[in-house]
Amino acid sequence: AGMTRRTAMIRHLEAIDEFDRGNGVVTRLFCNADICGAQVTTGTTVLPVGKSVAMHYHNCDEQIVILAGRAEAEFQGHRRPIGPMEVAYIPRGEVHCFHNVGDQPVLMLFIYDAGEVTRTFEATGETVVHLGAGDRAQPKG
């Protein structure tokens, strides 16, 4: 992985894989090391009304830009409001999650500063490859 030959490209909507992460949470993966040979990982996640993702951390820094909807970012024991065109910066290893607190789906753009990303769930300590088989919005428990 990560040895993909790098070439300029457009990835059209029909080529972009959708991952159903359970609970109605859907992620589209734009680019990463495997797809583009990129040293960043980008895509979008839709968080339905009233839904949250489990508390987790990553092996790299993350930026989340809210494109639509109203959310709260939870980290360091507090929930902080975040809305359209606002960004959350989450350093590597910082436990965090997002909650949809509005009346419409939250559409978020994610940017990780690594081509290969892992997610570790706080509750279980399980580490999964980002968007791999075990990467659920709420781990099975």
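If you place +1 on the Cβ of every Lys and Arg, -1 on the Cβ of every Asp and Glu, and leave all else neutral, what size is the dipole of the chain about its Cα centre, to the nearest 20 Debye?
Values: 13 positive and 17 negative charges, 17 e Å.
Approximately 80 debye in magnitude.
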Quick check: at a probe of 1.4 Å, how many percent of the accessible area of the chain sits on carbon and sulfur atoms? 53
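Measuring with a 1.4 Å probe in the full set of protein chains, what accessible area per residue, in whole Å², belongs to the chain?
54
Gain in length, Met85 to Thr7, computed as 0.36 nm per residue apart minus the alpha-carbon separation, to one decimal in nm?
Numbers: separation 78, 0.36 × 78 = 28.08 nm, distance 2.94 nm.
Taking Met85 through Thr7 to full extension adds about 25.1 nm, to one decimal.
Run the helix sum for the chain: -39,500 (n - 2.57) per DSSP H stretch of 4+ residues, divided by residue count, reported at 222 nm to the nearest 500 deg cm²/dmol. Can you show the working numbers first?
Working: 1 runs with 4 residues, N = 141.
Mean residue ellipticity, 222 nm, calculated: -500 deg cm²/dmol.
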Determine the distance separating the Cα centre of the range 71-122 from the Cα centre of the range 8-63; give it in Å without decimals. 12
Please state, as a whole number in µm²/s, the translational diffusion coefficient that the Stokes-Einstein equation yields for the chain at 25 °C and 0.890 mPa s, with Rh defined as the Kirkwood radius across alpha carbon pairs. 161
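The values are calculated or read from the model by the stated rules, or taken from the named source; none is laboratory data. This is a predicted model, so every value here is computed, not measured. Cβ atoms come from the backbone with ideal geometry, glycine included; neighbour counts cover every protein chain shown. Side chains are part of the model used for accessible areas, which takes the heavy atoms of the whole protein and leaves out ligands, DNA and RNA. Shrake-Rupley method; radii C 1.70, N 1.55, O 1.52, S 1.80 Å.
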